[in-house]
Structure formats: C-alpha cells, structure tokens
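Where a number appears in this text, it was derived from the coordinates with a stated rule and is not lab data. Worth saying up front: this structure is predicted, and the values here are computed from it rather than measured. Glycine gets a Cβ as well: all are built from the backbone with ideal geometry, and neighbour counts include every protein chain shown.
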Amino acid sequence: MSEDKKSLNFLEQIIEEDLANGLDKKNLRFRFPPEPNGYLHIGHTKAIGISFGLGEKYNAPVNLRFDDTNPAKEEQEYVDAIKKDVSWLGYSWDKELYSSDYFQQLYDWAILFIKEGKAYVDSQSSEAMAEQKGTPTQPGIDGPYRNRSVEENLELFNQMKNGLFNEGDHILRAKIDMKHPNMLMRDPIMYRILKKHHHRTGNTWCIYPMYDWTHGESDYIEQISHSLCSLEFKPHRELYNWFKNQVYQYSKETYPILPKQREFARLNLSYTIMSKRKLLKLVEDRIVNGWDDPRMPTISGLRRRGYTPTAIRKFVETVGVAKRDNVIDVSLLEFCIREDLNKTAPRVMAVLDPVKLIISNYTEGKEEWLEAENNPEDESAGFRKIPFSRELYIERDDFKEEANSKYFRLSLGNEVRLKNAYIIKAHSVIKDDNNTITEIHCTYDADSLSGTGSEASLRKVKGTLHWVSTKHAIKADVREYDRLFMDEAPDSHQEIDFMEFINPDSLKLINAFVEPSLAEAKVGDRFQFQRIGYFNVDYDSKPSHIIFNKTVGLRDSWTKKKPEEQPQNIASTPIQNQVQRKAIDVIQQLGKKFTNLPEAKQLKAKKDIQELAKQVSYEELEPLFGTATKKVGTRIATMITLDVLLKGGLKKNAQIEDFIEKALVDNEPLLVAHAKAISLV
RNA sequence: UGGCUUAUGGUGUAACUGGCAACACGUCUGGUUUUGGUCCAGAAGAGUCUAGGUUCGAGCCCUAGUAAGCCAACCA
C-alpha cells in the first residue's frame, strides 16, 4: 500500500488525469500491437512492460493484437514466437486479435469515406505521387485524379477489391490537404492492391489497408482507451485523430470510446542494435545462428542465454519511461540478471582453463566425497557431495610462480584454500618445452578440511580457489559470448554501416571440466560456476555432451585492477575512447569548482588547466565565452585557457576582447585579476 | 527554407501546485566473507543546454537562441 509513494511516469499521470476528469476506470483498456514480421527484442519488452504493466496496475485488460496488414512480410512463425515470448515474460493478454479481423469493417467505412468525398482513387505511378507530395520543407500539390466523381471512385474501388487491376495500378487515398505541414496529412494512402496470400485471410482480399488507416481504427474497434507507442509515431497522431474522428461519426453508438495515442521514447541498449530489419540481416548473413542466438538482443536470444523473465522485467521497470532519446548501458541489464541469479542459481565448480594440480602428500588412489553448500543465499538449497582426490584441475589464471601481496591466489611457497576442501601450499612446477606450466605440485594440510571446525580448518588464508578432481570431472562445452558490436551505438553513424562494427570474437568455444553432479543438468538449468559467472544448459546439449551458455560473468573487482595484464582485446577499445574525455571538458569541470577551492588547490587547478589548454583549439574555446555570468569559475578557467592560447600565438578578435572586457568589470576579484593579467598580453 | 519533439552527475529516471536537486546502475574507499561474488558502511561525481525575463525564491513559468531526434515507403 505504500508503493503509491513512488512517482508516476508521464503516461501514468495522463491516465490519472483522465480518470480524475471522469473516465470510468472500467473503460481502461490497453493493447500491445506487434507486426508479425520478426522476433521480439529487448526494446519491445519496454513497450510490453508499459502496456501490460499499466494493465496490471489498473486491473485493466490488455489485448495482444497482431498488426498484420502486409501479407508480403508477415508469417505465422512470427506470430507463434511473439506469443511465446510475451507469455514467457509472464504477461497474459485479454484477447488475441488480428488487424485482419477488421478488414471488412475497415472496407465498409472506406466506402462511406468515398461517398462523402473524403477518399478517392488515385491512378498515378508512385513516383508521380511522391513528386506531388512535396518534401518536409515544401508543400505538395493536388494530383489530377483528386476530384474524381463519387460514382467513379466507388466503381474503381470496387474493381480494385474484385481483383480487376494489377498491383500498383490504383490506390485509395484519404482526401485531406496536399499542402498540410505534416506530410502524413497530404492525402495519405488507405488501400493498395496486393495480390498476395495472407497468413490469416488467405486469398479473400487483394486490397490491403495501410498502417495509419488500420491501426487507429483497430484501437477504436477494440475500444482501447490509451494507445501507447514509441516516439517516431508522434507525427502520425494527427492522422490517427483525423481518421478516428471520421469513423466516430459513423459508429459512435457501437463504439463510444475514442482512443488516445501517446508516445514514449523507445529503449536503446549500448553495444547493440534494435532494428528488426538489421537483426534480420544478422540472421540472414549468418553472423549469428538464428533469431535466438544468445548474442542477439531478442527475447528468445536472452532466454537462451539464460536470462530470466524476472530480470528482464526488473530491467524494464528500472529504466523508466520518458520522452527523450536514451542509450541504456548494458551494465544495468547485467546487474538485473546477476541480482536474480545470485538468489536462485545453485553454485557448482567448473574449470574453464585447466592446469593440473598434484597434491604430493595425498594418498594415491584415495578419494573423498566432501560436502558443499548449494547456495549460501538460500538455506533451503541444501548440500551436495563433491569428489576430491590427489589430482585436480584448477584455473591456469589462479596460479603464478611469483606474485606480489595483492595477489590472493596460489603462488610458490604460499597457501590458499581449495573451496570446500583443504588448505594447500605450492612447492614446484613442471613445464613443457614452450615454458608452459603443465603441473603444479603442492602439499595439503590434512587437518584443514572445511567444516570440521578444527583449529587448522579455521585458519585464515588469503584466497580460495575452485577446482575439480581430474578423475571425476566431466567434460563440457562452454560457449562464452562477448558483445556483438564494438561500437556503443553501432547504428547511429550516418557514414559507417553498422555491419562494420561487428565484433569478430563475440563467440568463444571452451572445453571445460565440470564437477560430476552436473551430469544430471537439464536443458535450461541455471548455475553459478563459482568465482566465474552464471551459466545455463543450452538446448543443443545432450546427456552425453553437455553444453553451457555463459549468461554473464560475476562482478569482478580484480581483473580491472591490473591493467598491465589486461589483454588488448578489441572490445575494450571503445570503452577506453569513451573514458578519455576532451581537454576542454575537463577544463570546464575544473572551472566549476574553482572559486570554492582553497588557495593551494586553486594553484594546482590552474596549472592543470594551463596544461590541458595546450590541447584545446580556439574553436572549442569560443563557445565558453558565452558562459553565464554567475558561473565565475568557468569564466576563470576559460580566461586561463585563453591566456595560454594567446601566448601560443592566437590573435585577439572582437569576441575575445568582449569576453575580457566583461570580466574586467565583474564583482569577483579573482576573475578580474585573471582578466587584467591577460589584457596585457 | 518547414513542422513536431526533447534537453537534469558517466548512464537512466525523479523532484507534487515554483521552496535544501533525489533514486538506481556505474566508479572509488573501508568492513564482513571458505566465491576478489553476495552483504554492510561510506565517498566522489550536477551549478539542471545558453542568454534574458517574471518572482522574496525558477530544474519547473515566459521570451529568444543552441544542440539532438523524428517527418518526403503502395512498411509498421
């Protein structure tokens, strides 16, 4: 009951307002209207979350309506996939509907339009019509068929419907205004001839209605109260309302509610793309292995990758809803899935990059089955047994011959704990001809077994390693994924095609050793491989050949601390670019705080600015001359930078003089002092 | 040369009718820990795009700029 403290997003505010203005809560109704021409992606999840979320919040029905007005692109396969995805996310729709259900009603209304002179048949080529339509900056002109008689229009439209013409011969247009500033209002097309088989209506129609004519009227027929869509449909709203107001005249008794379209910003995720067309290209070009490839931002891809509906819904809820363009950092998505899996995923041990560890003082042939906790976050998860023996695998990364005190893992002469087992100490290594370590020899402390409570078992050691017994471990394939694109916003560049940014190393195949309990893992099961990350069993998996997908790594505050050891992989490059800020930006920031700084720090800041100023061009600096009067610090920083530039040979111009003059008469002595110094240059 | 929309820490979203700019992610400290995870405690980071105006008081209202996005498919 206390959650109503939470502030409402702008859509909820609109609804609350409508409710306050007399809209009956019973009449609240929403819809999610996908076109069945592709798979749903994480961006759609936002739209789904908004409409279905509102349905849940107000206890109102939400229809799932397939916007299937283009038989050329739409297929049953997509309908099935969409239904599966929406259900998987945990939403249930009120009615499953199709725009094609309304073809007859739409046709009947269109006839009325013609009779009232609100629509006409145009018989020009699409090129001719495009020309008459004008451009966003230039009005259109009327075409030659605009004033055909009602009888002729009726006759032609009837013949169109009856298949007497070829595709492209004629279209039906609404008669609105060819000079309208909104291009969508310049006599928009309502029907085109398409002699194609439709996945629902078969061959009964050879004219198909266009989006604008269909979508809004479908909302109206279903008596949707709030029709929510993404921002690019904002210009359509005017046409949406125009059509709506016409049909309302014909059908207000049957359909009293006028739907209201409102628009929100769609979701963008960094390092990926969200266009169905482009995703389709990745599939068709075999960049990925299908729509549900775990690297895809599709819902089916995320599902296969191991994401949970809970995590995805939490993500959508967290990103919020507003009207400005946004790019959400993938780290937020990763946080959401970690948060969920941390609570629910059983812990197991798996070694992805193995090196042999031999415990020389452990009896040969001996084996012990040790107790291991399944999930420290969930007491009810219980315990399991894992086998221990003289020969184990550990991660190659977990050993270094020599290491400094910051290294918590195994090194020669140092102790470390084997998770759920004993404390060991490394003594020597064996290497092959390439100087690669093939075996690590160590001894164990027999009294240090985990959980025994003995003094030795309670000893504190710096690190704990995961391991598997070589004799008992089973082999498994692990598919490790990296981002598909190396650019933060791959499809936002005008000159560079998004395909140029594809990361060639987005899939890594790993032969791993996993603990034997995993032999019983079933498709879809999720685990935490301790100290590594979260993994789930892929559907390619067979009992004899288990395959895991890496969902996401554990948060890692260690690897990023050792830059000298970080491989110079491609994927990290854009991040570095992003972090490297422009000198002028840093100067601005230093300036903001400048006047608040104690004198010593001011001097340092000034030095920093002077240093940075060497990288600044006059073009970058000039806009800062317009800095608000009250932002004295920024003006001082600008002055210091300008000083450096002038000393570097820059000539004074009117803007510079003006900037200095204003500074000379300021109230802030520090600024005046800097301005005085510079005026002598 | 047009129309529409948007502008708040690195990212995203808040800030009720004008009143100390908040929350989450990310970053950085420290503590706990048989996962360098989790958890706990804390820190840094915003002069709210710019310039004016109204007001005791503006992120919010007004005016003018600037920047970004969308709009010219017989796609949705």
Worksheet item: If one takes the longest principal axis of the Cα atoms in chain A, at what angle in degrees, from 0 to 90 and to the nearest 10, does the Cα axis of helix A:654-664 lie?
Response: 60 degrees
Worksheet, complete the sentence: Summed over the other residues with a beta carbon less than 10 angstrom from that of A:Leu509, with K and R at +1 and D and E at -1, the charge totals 0
Worksheet, complete the sentence: Rounded to the nearest 10, the angle in degrees between the Cα long axis of helix A:103-115 and the longest principal axis of the Cα atoms of chain A comes to 40 degrees
Practice prompt. Scan chain A and report its longest stretch carrying no GluC sites (Glu not before Pro) that are both in a DSSP loop and have at most 14 other Cβ atoms within 10 Å.
Written response: A:496-681
Response to the item:
Between A:Glu661 and A:Ser275, Cβ-based FRET efficiency (R0 30 Å, step 0.05) works out to 0.05
Item to complete: Please give the FRET efficiency for A:Ser331 paired with A:Lys652, using the beta carbon to beta carbon distance and R0 = 41 Å, rounded to the nearest 0.05.
Response: 0.30
Worksheet, complete the sentence: Any trypsin sites (Lys or Arg not before Pro) in the range A:348-428 that lie in a DSSP loop and have at most 10 other Cβ atoms within 10 Å would be A:Lys366, A:Lys406
Discussion item. For A:Gln261, what residues show an amide H to amide H distance below 5 Å, using hydrogens built from the backbone and excluding near sequence neighbours?
Written reply: A:Ser227
Discussion item. What are the ³J(HN,Hα) couplings of the range A:535-544, residue after residue, when phi is run through the Karplus curve with 6.51, -1.76, 1.60 and θ = phi - 60°? Round to Hz, x for glycine and proline.
Written reply: 9, 9, 7, 6, 6, 6, 5, 10, x, 7
Practice prompt. Hand me the chymotrypsin sites (Phe, Trp or Tyr not before Pro) from the range A:370-446 located in a DSSP loop with no more than 10 other Cβ atoms within 10 Å, in residue order please.
Written response: none
Discussion item. Suppose a student asked you for the relative contact order of chain A, using Cα pairs under 8 Å spaced at least 6 residues apart; what percent would you report?
Written reply: 9 percent
Worksheet, complete the sentence: For chain A, shape from the Cα gyration tensor axes a ≥ b ≥ c, cut at a/c of 1.5 then a/b versus b/c, turns out oblate
Item to complete: Determine the dipole magnitude for the range A:114-211: charges of +1 sit on the beta-carbon of Lys and Arg, -1 on that of Asp and Glu, nothing else is charged, the reference point is the Cα centre, and the result goes in debye to the nearest 20.
Response: 360 debye
Worksheet item: From the cross-link list A:Lys46/A:Lys419; A:Lys83/A:Lys118; A:Lys84/A:Lys281, which pairs have alpha carbons spaced over 32 Å apart?
Response: A:Lys46/A:Lys419; A:Lys83/A:Lys118
Worksheet item: Counting Lys +1, Arg +1, Asp -1, Glu -1, what net charge surrounds A:Leu370 among other residues with beta carbon under 12 Å of its beta carbon?
Response: -2
Worksheet item: How high is the relative contact order of the range A:114-211, in percent, counting Cα pairs under 8 Å that sit 6 or more residues apart?
Response: 28 percent
Worksheet item: Say R0 is 56 Å: what FRET efficiency, to the nearest 0.05, do A:Ser544 and A:Lys179 get from their beta-carbon distance?
Response: 0.20
Fill in: Ranked list, fewest to most other Cβ atoms within 10 Å of each Cβ, for A:Ser225, A:Ser300, A:Ser492
A:Ser492, A:Ser300, A:Ser225
Response to the item:
With +1 at each Lys and Arg Cβ and -1 at each Asp and Glu Cβ, the charge dipole magnitude of chain A around its Cα centre, to the nearest 20 debye, comes out at 1380 debye
Item to complete: Work out the charge dipole of chain A with +1 on the Cβ of Lys and Arg and -1 on the Cβ of Asp and Glu about the Cα centre, then indicate which of A:Pro33, A:Gly451, A:Ala311 is farthest towards its positive end.
Response: A:Gly451
Fill in: Check: the range A:350-466 dipole with +1 on Lys, Arg Cβ and -1 on Asp, Glu Cβ, in debye
260 debye
Worksheet, complete the sentence: Stretched fully, the stretch from A:Trp88 through A:Leu164 gains (0.36 nm per residue minus C-alpha distance, one decimal, in nm) 22.8 nm
Response to the item:
The long-range amide H neighbours of A:Phe485, using H built 1.01 Å from N in the peptide plane and a cut-off of under 5 Å, are A:Asn503
Worksheet item: Between A:Arg65 and residues 5 or more places away or on another chain, which pairs have amide H atoms under 5 Å apart, with H built 1.01 Å from N, and which residues are they?
Response: A:Phe32, A:Leu97
Worksheet item: What is the list of residues in the range A:54-87 whose amide nitrogen lies under 19 Å from a point 7 angstrom out from the Cα of A:Phe10, following Cα to Cβ?
Response: A:54
Practice prompt. Please turn the phi angles of the range A:428-443 into ³J(HN,Hα) values with the Karplus equation 6.51 cos²θ - 1.76 cosθ + 1.60 (θ = phi - 60°), one per residue in order, whole Hz, x for glycine and proline.
Written response: 7, 10, 10, 10, 8, 4, 8, 6, 8, 5, 10, 9, 10, 9, 9, 10
Practice prompt. Pull out the extension gain between A:Ala265 and A:Asn245, defined as 0.36 nm times the separation in residues minus the alpha carbon to alpha carbon distance; nm, one decimal.
Written response: 4.6 nm
Worksheet entry | Three-way shape label, the range A:114-211, alpha-carbon gyration tensor, a/c 1.5 | prolate
Worksheet entry | Backbone HN-Hα couplings from phi across the range A:374-384 [Karplus 6.51/-1.76/1.60, Hz, Gly and Pro as x] | 6, 7, x, 8, 9, 4, 6, 6, x, 10, 9
Worksheet item: Against the longest alpha carbon principal axis of chain A, how many degrees, from 0 to 90 and to the nearest 10, is the axis of helix A:669-679 turned?
Response: 80 degrees
Worksheet item: For a paramagnetic label modelled at 7 Å from the Cα of A:Asp142 toward its Cβ, which residues of the range A:161-203 fall within the zone defined by backbone nitrogen distances under 12 Å?
Response: A:176-179
Worksheet item: From the cross-link list A:Lys73/A:Lys278; A:Lys195/A:Lys244; A:Lys95/A:Lys276, which pairs have alpha carbons spaced over 18 Å apart?
Response: A:Lys195/A:Lys244; A:Lys95/A:Lys276
Practice prompt. Just add up the charged neighbours of A:Ser331: K/R +1, D/E -1, any other residue whose Cβ is under 11 Å from the Cβ of A:Ser331.
Written response: 0
Fill in: Over chain A: helical MRE at 222 nm, DSSP H runs n ≥ 4 each giving -39500 (n - 2.57), nearest 500
-10000 deg cm²/dmol
Discussion item. Quick check: residue separation of A:Glu116 and A:Ser617 times 0.36 nm, minus the Cα distance between them. What number comes out in nm?
Written reply: 173.9 nm
